[in-house]
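Asker: Take a look at this one; I'll ask things after.
The values are calculated or read from the model by the stated rules, or taken from the named source; none is laboratory data. This one's a predicted model, so the numbers in the text were calculated from it and none came from an experiment. Don't worry about glycine lacking a Cβ; one is built from the backbone with ideal geometry, like all the others, and counts go over all protein chains shown. Ligands, DNA and RNA are stripped out before the accessible areas are found, and what is left, the full protein with its side chains, is counted by its heavy atoms. Shrake-Rupley method; radii C 1.70, N 1.55, O 1.52, S 1.80 Å.
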There are 4 protein chains.
Amino acid sequence: MSLTSDRPWTRSKAALLAVLPLAGALALGFAANARGSAPPAPAAPVSPRAGQSPWGADDQIGTLNMMTEASRLEALRRVRSGKVYDLSVEYFVGMPSWYALGDPRYQYHLTHTPHGHAVDDPMNHGHAMNEKVSYTGDSVTMYTHMGTHIDALNHFGLDGKIWNGFSASEHVGDRGWKKAGAEVLPPIVARGVLIDVAAAKGLEELPPSYRIQPEDLKLALDRQGTRIQPGDVVLVRTGRMKHFHDADNERYMDEPPGLGLAAARWLIDEQRAMTLGADNLSLETFPVETEDNWVPVHTYLLAERGVPFMEVVYLEELARDRVYELVFIGASLKLRGASGAPMRPIALPVEPRRGDGP
Amino acid sequence: MSLTSDRPWTRSKAALLAVLPLAGALALGFAANARGSAPPAPAAPVSPRAGQSPWGADDQIGTLNMMTEASRLEALRRVRSGKVYDLSVEYFVGMPSWYALGDPRYQYHLTHTPHGHAVDDPMNHGHAMNEKVSYTGDSVTMYTHMGTHIDALNHFGLDGKIWNGFSASEHVGDRGWKKAGAEVLPPIVARGVLIDVAAAKGLEELPPSYRIQPEDLKLALDRQGTRIQPGDVVLVRTGRMKHFHDADNERYMDEPPGLGLAAARWLIDEQRAMTLGADNLSLETFPVETEDNWVPVHTYLLAERGVPFMEVVYLEELARDRVYELVFIGASLKLRGASGAPMRPIALPVEPRRGDGP
Amino acid sequence: MSLTSDRPWTRSKAALLAVLPLAGALALGFAANARGSAPPAPAAPVSPRAGQSPWGADDQIGTLNMMTEASRLEALRRVRSGKVYDLSVEYFVGMPSWYALGDPRYQYHLTHTPHGHAVDDPMNHGHAMNEKVSYTGDSVTMYTHMGTHIDALNHFGLDGKIWNGFSASEHVGDRGWKKAGAEVLPPIVARGVLIDVAAAKGLEELPPSYRIQPEDLKLALDRQGTRIQPGDVVLVRTGRMKHFHDADNERYMDEPPGLGLAAARWLIDEQRAMTLGADNLSLETFPVETEDNWVPVHTYLLAERGVPFMEVVYLEELARDRVYELVFIGASLKLRGASGAPMRPIALPVEPRRGDGP
Amino acid sequence: MSLTSDRPWTRSKAALLAVLPLAGALALGFAANARGSAPPAPAAPVSPRAGQSPWGADDQIGTLNMMTEASRLEALRRVRSGKVYDLSVEYFVGMPSWYALGDPRYQYHLTHTPHGHAVDDPMNHGHAMNEKVSYTGDSVTMYTHMGTHIDALNHFGLDGKIWNGFSASEHVGDRGWKKAGAEVLPPIVARGVLIDVAAAKGLEELPPSYRIQPEDLKLALDRQGTRIQPGDVVLVRTGRMKHFHDADNERYMDEPPGLGLAAARWLIDEQRAMTLGADNLSLETFPVETEDNWVPVHTYLLAERGVPFMEVVYLEELARDRVYELVFIGASLKLRGASGAPMRPIALPVEPRRGDGP
């Protein structure tokens, strides 16, 4: 099975996993706490459908509401080093991405070059100035879910509605969504945690289609001596990234290991993470565990829980240096109406929180 | 005279300003200091030409070398509030930019919509799943110097060479520059200073084509009670930004106020700023003050001094709140080979430095 | 009023023209004739709505069904000269077109150049082969209604339906229309007639917003000594074209002279022309004569009558040489699902038909 | 070996074919004839290099100069049927083409849809008009050598020069070539001949990498009872086309059968064809027969002989109906400066020429 082909993503003969019937009941049970922005718990939906925001009828950013001035200041105050980890990949012609449905590949075009500008002389500057002033300009085209990026809450909905009940029929124009577009996503400044699942299992890379379970996350956290705090950015490492800069689309894209539904629910509903990121393209694994939904983790996070999340996050250097606790700083481009946006997040190591140790 | 037309940018009858003959001699005279990365002063060029880097023969980031782990940590430690200022504009169809030479306007295209996906059924999921899972995807096209962005050092050179002597004939391929492309620019984490020139003059907006002089900068700094420190990100506000979100291309683009050569030299050569940013498209004013160079501030900064700098920076809220000292955090997209890249920088207020007051 | 601005197209205070109440009753009254494909006359709609095709429930090409092998052979047999008139404009960066709603301008990008290919050596051919073999490649982006082109029947509908009742809700996917896309339009080989309205009035160019009436067409035909035959391609010259190659977007686009509704009805319903073309962008004039429809001639031709038609047709040389009767040969690109397609039609002079004279 | 990968095209261990040493001496030996435009024979180059045009120092269309008013009229006069054969493929997302070096795939984007236009109301027309007038618009992006198209003479050169000695260093600006761009190519109206090589061998499709030799062409012509005349458009059928509309990029692109150098020379230098076309992407076969040139037939035709030629020509229906003699009518889009351009040629059957039989 292949993400680069047009074949269906669902495993037609796979036994449907029991999808934690209790998790729904626990969902979004954010306990009142000192962080100020914790919402009242919404009623759990009986069957998956777009969630209603506890942050108000016009909320379009979901769990990113968990950030406050206090939470950001606290995260920044614990920085213990000026070493910056760059969590972004490069954009280049030939970069791996999701091409199965014909979306544009990354394109780069020179529109002005020093020599070409002199040949064209488009401003009638004449030979002398064109020889002197060497002008280079260029343009790019990209799918919005390419390279290191965030998924906005309008990227996937359920039954025609996205998070907070905004409907496609009412809010999708020819220039994208009128609601929950990438332009409303705030910069993210928060405590972050790396969960290096591959390393915890002693592997360079999780096996193809490996579906990460809550136990895998717990094991890795234990081995790292790390704990998740409510409001965290949780970064999950599968080890797939090494194929990205090789520009090996098949090795990066096909049968990716990633989160299963239970693991996503554990992180959001129980651990109360604010948002997630992973080093693969899709966060979730493929083939998926549901027969009637080709992206169940996407719809769970985006539509049911209101969690914008990040993909193709470069975690190799954090993993190498065993930086498991960090401040995460990332601001995605404000592409009006868009379902996602590129970003270049960074991380800096922080002092362990009191009580964070094993 | 108009940036939206094809007419030459240079003021043909303007008296050529005396361009501070001594400034060259002082250029890049970075005193040895505690910040570790201060380079030896290079000899000043007799006539403008691409500078040779004091940071080594392969240096491609110029003054961004001034950042160190220590400088970043110091900047972050002085954060006194978790209030985040978003320094980026939105990307939207119709946004103002530099179109005079036919560069692509910002384009946004929906490639997947919930309804269209159901009509097409491109993965043969059938009616039920297509009704359930509502997929939106989209793509964008942009010139690399559009919206809030940074200019890489290959954007403008002199006599066919960019900063540090890399030549266009050797290093420009069909996918951009092999040297000094946007992908090598590091994330910027540094102390920043806002210089609100418009406010210092009691204006909402500087007059068309107003050429900011060193005296204007000094006046504004005095009124603000702010001092520039070596290694700072200096943000210059002209007041032009209000026309941007009105999508008024002519009002935003034509005859912009901006830096003159003397002001740029004062900031870089005397004040030892690390990089600059402004709220107009071009940083410098047009028409320019040189007969033989249509972008003298660009070539001075990029080619002569190795200063990557930022344009279309949104400074309105910093100005409104009179936040003149800040930590600047911005990381541009790593577009391989490109001459510029979009970014969404943020700022947080910092405690005044000891001795920063008037 | 301006086509290049976002202001409404309709003349809000204009008296609504009486729109020929009888024309509907006469509509499409194709008399049975020897050409074989003449359809039975459909009932006239009481108010404008998408017409039902007399050529069958799946018809997607409308009046182009009037062409037969016999009609094409007859047209070609009357060619009297091998002189080819090129009826197409060039595509170039900066070309005038319809930009008011943000559609992409024509873009041209070099993707391979002889020098760049040698710098990149993307196939590892090495220096010698790259110096020897000089490769140039390029790509283009265009709106489908740019340059000389044809409008497919899905370009404009009424009340959500296009010609023959195909509905947008059922047939528009993310890759365009499943019905009446440009790929189904056949090559056009037919007798053609030029009506040089500008010349008949002794003008280089019709005045801005001049609305051509049936009388104008009759006058020009009389002066030319030309008659329209059923099944003809009718080319209408307003004189606007001279501004196109000047790349003067405002002069080409704003307040164009063009067909009014009565003239369009006269050509289609009474003269039984197969298709129309004009030298302006829009065929019809702006501002329009209807309060409730911003493109009444478009919806009349495309949706009510099933007439695909052509715009930005280069008629200057035909006019100069007074070639009023011709064979028209044009085949538009088969862009799957698209609402229009570029084409490069040609014309050759033909012998006058018996009885064509005045 | 694969055209869809980045591996070199040349067969590194293949014995270099003896490339007809005499062919050069015979090259372009156009005998004086009644067609008026026959040029004097140029001296044969000793080693391959860009040819000098016998049609003048500014000639940019090469052998298309062989067309005259008389030749076109003669071709059209022999049309014996109004049956039109459409020689063009469709453009669609996912269409096979040359992607190994990252060139843009065909993209199609809706920019206006009836529903989206009503949601956006970009012209402030209000609900009633937006419900009434159903607007669809769209844009496309394509590589210029995609789908049925012609190669302009600037597509491949030798030693930095194209046909007639125009050099890349002098004539390539940022918007393409100043010389021999697609905009100068005239419409083609000429006698055409189909050579169905696959059918002559009793095959549906020639084997992978089959290199067509002069003997193959002669055999097929004999079996068809067809003769080439000077000035003809020669269409060569390999049988590859069936994979195109299956959207099977590998089967269409990899190891294509096609012309070898000897066959190209026989057609141009001995048979004096005006231009060629084929049903594969590349006209020539791959791997090629030269060690030092990855596209020897391209450089022979374009650079040495000045023959613009056509690729991805749809010949299936002509072959099915055994139409071997035809009038070819094709006009490529006038893309300024471009190295190629899409076209939709047509063919109509003609009466056999006197003496054409076996």
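Asker: Three principal axis extents, largest first, for the C-alpha atoms of segment B:217-306, in Å?
Answerer: That gives 36, 34, 20 Å along the principal axes, largest extent first.
Asker: Still on this structure: For C:81-91, what's the mean count of beta carbons from other chains sitting within 10 Å of each residue's beta carbon?
Answerer: Mean shielding by partner chains, rounded to a whole number: 6.
Asker: So, one more: From largest to smallest, what semi-axes in whole angstrom does segment B:157-266 give when each is the square root of 5 times an eigenvalue of its alpha carbon gyration tensor?
Answerer: In descending order the semi-axes read 31, 20, 14 Å.
Asker: Could you tell me the total accessible area buried at the B-C interface, probe 1.4 Å, in square angstrom to the nearest hundred?
Answerer: That pair hides around 1700 Å² of surface in total.
Asker: Moving to a separate point now. Applying a 10 Å radius around every beta-carbon, put B:253-261, A:271-279, B:207-215 in order of their mean neighbour count, most first.
Answerer: Ranked by mean Cβ neighbours within 10 Å, highest first: A:271-279, B:253-261, B:207-215.
Asker: Just checking the output field for B:163-173: average partner chain Cβ neighbours within 10 Å of each residue's Cβ?
Answerer: Taking all residues of B:163-173 together, the mean is 4.
Asker: Find, among the residues of chain D, the one whose Cβ sits nearest the axis of the rotation taking D to C; state the distance in whole Å.
Answerer: Axis-proximal residue of D, distance in whole Å: D:141, 2.
Asker: At residue A:167, label 7 Å along Cα→Cβ: distances to the other copies, nm, ascending?
Answerer: Label point to label point, same position, other copies: 1.5, 6.6, 6.8 nm.
Asker: Another question, if that's okay. Taking amide hydrogens as modeled 1.01 Å from N in the peptide plane, which residues meet the under 5 Å criterion relative to residue A:111, leaving out close sequence neighbours?
Answerer: Here the answer is A:137, A:138, A:139, since their amide H atoms fall under 5 Å of that of residue A:111.
Asker: Where the eigenvalues come from the Cα gyration tensor of the protein assembly as shown, what are the semi-axes √(5λ) of the equivalent ellipsoid, largest first, in whole Å?
Answerer: 54, 36, 34
Asker: Give me the net charge for the shell around residue B:169: Cβ to Cβ below 13 angstrom, other residues only, Lys and Arg +1, Asp and Glu -1.
Answerer: Counting the neighbours of residue B:169, the net charge comes to 0.
Asker: Can I ask one more? About the Cα centre of the protein assembly as shown, how large is the charge dipole given +1 on each Lys and Arg Cβ and -1 on each Asp and Glu Cβ? Please answer in debye to the nearest 20.
Answerer: 0 debye
Asker: Continuing with this model, one more query. Which of the lysines could a cross-linker span from residue A:242 if the Cα-Cα distance has to be under 28 Å and same-chain partners fewer than 8 positions apart are dropped?
Answerer: Excluding near neighbours in sequence, the set is A:83, A:201, A:218, B:178, B:179, B:334.
Asker: Please state the shape class of segment A:264-303: rounded when a/c is under 1.5, otherwise prolate if a/b exceeds b/c and oblate if not, all from the C-alpha gyration tensor.
Answerer: Details: a/c = 2.20, a/b = 1.42, b/c = 1.55.
It comes out oblate by the Cα gyration axes.
Asker: Next question. When the Cα atoms of segment D:288-347 are enclosed in a convex hull and the volume is divided per residue, what value in Å³ results?
Answerer: Roughly 130 Å³ of hull volume per residue.
Asker: With an 8 Å Cα cut-off and a minimum separation of 6 or more residues, compute the relative contact order for segment B:201-358 in percent.
Answerer: Across segment B:201-358, relative contact order equals 24 percent.
Asker: What Kirkwood radius, in Å to one decimal, follows from the Cα pairs of chain C?
Answerer: 21.3 Å
Asker: If you don't mind, another one. Under the definition of Cα pairs under 8 Å and six or more residues apart, what whole-number percent is the relative contact order of chain A?
Answerer: Working: 824 pairs, mean separation 101.7, N = 358.
Reported as a whole number, the value is 28 percent.
Asker: How are the alpha carbon pair distances in segment B:140-214 distributed across 5 Å bins from zero to the largest one, expressed in percent?
Answerer: 3, 11, 15, 14, 15, 15, 14, 9, 3, 1
Asker: Please report the carbon-and-sulfur percent of the accessible area for the protein assembly as shown; probe 1.4 Å, protein heavy atoms only, DNA, RNA and ligands left out. Please report the intermediate quantities before stating the final value.
Answerer: Working: 23020 of 46370 Å².
Heavy-atom surface of the protein assembly as shown belonging to carbon and sulfur, 1.4 Å probe: 50 percent.
Asker: May I pose another question? Among bridges DSSP assigns within chain A, what percent are antiparallel (round to 5)?
Answerer: In chain A, DSSP labels about 65 percent of beta bridges as antiparallel.
Asker: Quick one: which of C:226-234, B:241-249 comes out on top by average Cβ neighbours within 10 Å, and what's the full order, highest first?
Answerer: Ranked by mean Cβ neighbours within 10 Å, highest first: C:226-234, B:241-249.
Asker: Between segment C:113-190 and segment D:220-234, how many Å separate their Cα centres?
Answerer: With segment C:113-190 and segment D:220-234 each reduced to a Cα centre, they are spaced 33 Å.
Asker: For segment A:239-332, give the magnitude of the charge dipole about the Cα centre (Cβ charges: +1 Lys/Arg, -1 Asp/Glu; no others), in debye to the nearest 20.
Answerer: On the way: 8 positive and 18 negative charges, 72 e Å.
For this selection, approximately 340 debye.
Asker: Would you mind classifying segment A:233-358 by shape? Square roots of the alpha carbon gyration tensor eigenvalues, ordered a ≥ b ≥ c; an a/c under 1.5 is rounded, otherwise it is prolate if a/b is larger than b/c and oblate if not.
Answerer: Verdict is rounded for segment A:233-358.
Asker: Name the residue from D:128, D:63, D:73 whose Cα lies farthest towards the positive end of the charge dipole of segment D:54-180, charges +1 on Cβ of Lys and Arg and -1 on Cβ of Asp and Glu.
Answerer: Most positive-ward Cα: D:73.
Asker: What does the average come to when, for each residue of peptide B:291-297, you count the partner chain Cβ atoms lying within 10 Å of its Cβ?
Answerer: Values: counts 1, 6, 4, 7, 2, 1, 0.
Per residue, the average neighbour count from other chains is 3.
Asker: For the protein assembly as shown, report the accessible area per residue in Å² (1.4 Å probe, heavy atoms, rounded to an integer).
Answerer: With the other protein chains kept in place, the protein assembly as shown gives 32 Å² per residue.
Asker: Give me the net charge for the shell around residue C:148: Cβ to Cβ below 10 angstrom, other residues only, Lys and Arg +1, Asp and Glu -1.
Answerer: Summing Lys and Arg as +1 and Asp and Glu as -1 gives -2.
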